[in-house]
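Beneath this line is the structure, given in structure tokens, with notes to follow.
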Amino acid sequence: MKRILYILLGGILFGCTDRYMDDESINKLKGERAESVRLLDLSRNGIYDVSGFIKQGNQIVVGETYMKEGIARAFDLENPDGGCLSSEMNNASKKYRALSSFNSFDGKSVTALDFKTGELIESFVAPLTRGIPEESVVQLPAGKQHLIAVKTNDFVISTGFYDEGRYLLYSLADGSFSYYLSYPDCPDYPVLQQKTKGMLYASSVLRIHPDGKAFVCADMYSGVIDFCRITSGGIERMKLECLSYPRVEISETPVARVLYSRKNCFGFMDVAVTPERVYALYSGKTFQADRQQAFECNRLLEYDWEGNFIRSLEFKASLTGITYDREEGMLYGITGDAGLVELRL
């Protein structure tokens with residue numbers, strides 16, 4: 001997803017006013033040490049660069065950064081050398097799909113968004129029963145640039161480049177939809193169009209509460225994280241937390257353009273959720289100082305679902321992704337060299 005958005009937003013370039021963290025934000029980054037235990041090298045399965053992963057019990061679904069066909073590969077961890085459940089989760093004849101990160105896995109299927117077409121694709125990875133299709137597709141409203149989406153049994157929530165609001169709430173029952181809430185501001189550019197703000201906060205991680213009544217949206221390119229609830233009236237914001245704002249140059253004429261500074265402080269590379277907590281994998285690094293290691297994180301920030309900060313945890317391992325295993329009640333991470341690790345909090 002991060003490489004895809006280089007193309008969408010024009011890359012990381014120089015120049016803008018620095019905006020430093022305040023004392024409260026800095027204090028949240030002073031964390032306690034936590035342990036990570038390496039369990040498996042995914043390179044044994046020919047996977048070297050992971051763009052997303054989900055684990056439930058002995059099953060792990062892994063997305064590769066440069067995907068040619070299909071969404072991902074699924075493995076049985078009891079037999080990691082030969083236990084591939086499905087080498088490609090879509091038909092090999094299908095054309096390349098520009099897919100954003102996974103958002104759910106129930107042991108049978110996984111969903112991902114094709115951001116070029118606006119199709120939310122649910123692919124089945126467990127052995128199929130006769131007559132069950134290999135995948136199902138939800139087409140989000142046409143004419144809009146959708147970037148990330150999550151699905152429940154009743155609705156889809158997505159965000160993208162929207163004029164009408166930050167979040168789209170789409171009903172699976174009748175196809176009706178509405179937009180809610182505003183995008184976060186950028187203090188260096190107090191007057192911006194909504195779609196420009198959508199570009200500014202395009203690199204999002206979206207995760208929904210297991211009961212489908214709340215969700216969190218975290219920005220990869222800044223320290224902005226949004227805690228929201230879903231009500232009968234739509235979507236309400238509980239808290240918008242900001243550790244740092246983007247360092248950017250923005251132009252809206254003749255067309256909107258957002259250019260990130262090399263000094264920009266990267267934010268939340270991934271998020272995992274439990275019924276009680278939100279765990280946000282935080283970078284805090286810059287491309288100028290850390291190059292590609294800016295996408296690798298050693299810090300995990302823990303929040304409750306109201307958006308209240310609980311604690312900060314520091315790991316020796318450099319992580320690029322995290323997931324919560326509901327069956328085991330444990331957090332797992334992926335390292336920069338494609339290692340699967342157990343996170344012991």
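Rundown of residues vs (1) at pLDDT 65 or above; (2) within 26 Å of Ile230 (Cα to Cα); (3) touching a Ser or Thr at 6+ places or on another chain (Cβ under 7 Å), yes/no style:
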site	(1), (2), (3)
Asn79	yes, no, no
Phe115	yes, yes, yes
Gln139	yes, yes, no
Leu169	yes, yes, yes
Tyr179	yes, yes, no
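Just checking, does segment 198-205 include any residue being open to solvent by 50 Å² or more (accessible area, probe 1.4 Å) and at pLDDT 90 or above?
From segment 198-205, those open to solvent by 50 Å² or more (accessible area, probe 1.4 Å) are none; that's our starting set.
Scanning segment 198-205 turns up no residue that is open to solvent by 50 Å² or more (accessible area, probe 1.4 Å) and at pLDDT 90 or above.
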Listed by first then second residue, the pairs whose first member lies in segment 298-327 and is within 17 Å of Ala34 (Cβ to Cβ), whose partner is of a type in the set (Val, Ile, Thr) and surrounded by fewer than 20 Cβ atoms within 10 Å (Cβ to Cβ), with beta carbons under 7 Å and at least 6 positions apart or on separate chains, are Glu302/Ile310; Tyr303/Ile310; Tyr324/Thr274
Qualifying residue in segment 155-174 (condition: hydrophobic (A, V, I, L, M, F, W, C), within 20 Å of Ala280 (Cβ to Cβ) and outside any strand (DSSP E or B))
no
Checked against (1) aromatic (Phe, Trp, Tyr); (2) open to solvent by less than 10 Å² (accessible area, probe 1.4 Å); (3) closer than 16 Å to Leu259 by Cα, Tyr183 satisfies every condition except (3)
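Can you tell me which residue within segment 181-210, out of those that are among the β-branched types (Val, Ile, Thr) and within 22 Å of the chain's Cα centre (by Cα), is farthest from Asp226 (Cα to Cα)? Please lay out each step first, then the result.
Residues of segment 181-210 that are among the β-branched types (Val, Ile, Thr), as a first pass: 191, 196, 205, 208.
Filter again for within 22 Å of the chain's Cα centre (by Cα), leaving 196, 205, 208.
On the way: Thr196: 18, Val205: 10, Ile208: 12 Å.
For segment 181-210, the residue satisfying everything is Thr196.
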The condition of being open to solvent by less than 50 Å² (accessible area, probe 1.4 Å), closer than 17 Å to Tyr303 by Cβ and of a type in the set (Val, Ile, Thr) holds, among Val258, Val273, only for Val273
So the strands (runs of 3 or more DSSP E) completely within segment 230-345 holding 2 or more residues that are in contact with a helix residue (DSSP H, G or I) (Cβ under 8 Å, 6 or more places away or on another chain) are 248-251, 257-260, 309-325, 339-344
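Select from segment 139-154 the residues that are more than 19 Å from the chain's Cα centre (by Cα) and either surrounded by 14 or more Cβ atoms within 10 Å (Cβ to Cβ) or not in a loop (DSSP other than H, G, I, E, B) (or both) and list them in ascending order.
Residues of segment 139-154 more than 19 Å from the chain's Cα centre (by Cα): 139, 141-144, 153-154.
Residues satisfying the conditions are Gln139, Pro141, Lys144.
Condition check: closer than 27 Å to Tyr167 by Cβ and aromatic (Phe, Trp, Tyr). Does Phe266 satisfy that? Working first, answer last.
Working: closer than 27 Å to Tyr167 by Cβ: yes; aromatic (Phe, Trp, Tyr): yes.
Against the criterion (closer than 27 Å to Tyr167 by Cβ and aromatic (Phe, Trp, Tyr)), Phe266 qualifies.
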Exception for Arg291 within (1) farther than 15 Å from Phe227 by Cα; (2) surrounded by 16 or more Cβ atoms within 10 Å (Cβ to Cβ); (3) of a type outside the set (A, V, I, L, M, F, W, C) falls at (2)
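The values are calculated or read from the model by the stated rules, or taken from the named source; none is laboratory data. If you're wondering where the values come from, they're calculated on a predicted model, not measured in any experiment. Virtual Cβ from ideal backbone geometry, glycine too; neighbours counted across all protein chains shown. Ligands, DNA and RNA are stripped out before the accessible areas are found, and what is left, the full protein with its side chains, is counted by its heavy atoms. Shrake-Rupley method; radii C 1.70, N 1.55, O 1.52, S 1.80 Å.
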